[in-house]
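Quick note: the coordinates plus some simple rules give every number you see, no bench work behind them. Remember, it's a predicted structure, so these values are computed and weren't measured experimentally. Please note: Cβ atoms are built from the backbone with ideal geometry, for glycine as well, and neighbour counts cover all protein chains shown.
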């Protein structure tokens, strides 16, 4: 009987924390499309803690790098493989600039993290 009460109390605590947005809540995620010589969108604003997936959809080879912004280096492999080839959770607020080293004038992205 005591064990059932303890398990019920733990389960209730998890439900309450989830409802309040605490432990157990799903983190936000969003996708930036890496197409044939373009990003879509070219500007995006997300909240701190958001995971950004850079998803290749075309057949061109791209090498995505952070050219400006907080923190250390962020870069993808140079690849034409379709799918998510770069994923990053942004914890620091600021403005991040990304470009493709193969298409630096056509492919630019401004990501604002609040």
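Assorted remarks:
- Looking only at residues in the stretch 27-39 that are assigned to a loop (DSSP other than H, G, I, E, B) and under 18 Å from residue 113 (Cα atoms), the one that is nearest to the chain's Cα centre (by Cα) is 28.
Here is a yes/no grid of residues against (1) on the phi > 0 side of the Ramachandran plot; (2) surrounded by 15 or more Cβ atoms within 10 Å (Cβ to Cβ); (3) in contact with a strand residue (DSSP E or B) (Cβ under 6 Å, 6 or more places away or on another chain):
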site	(1), (2), (3)
70	no, no, yes
74	no, yes, yes
80	no, no, no
88	no, yes, yes
91	no, no, no
99	no, yes, yes
110	no, yes, yes
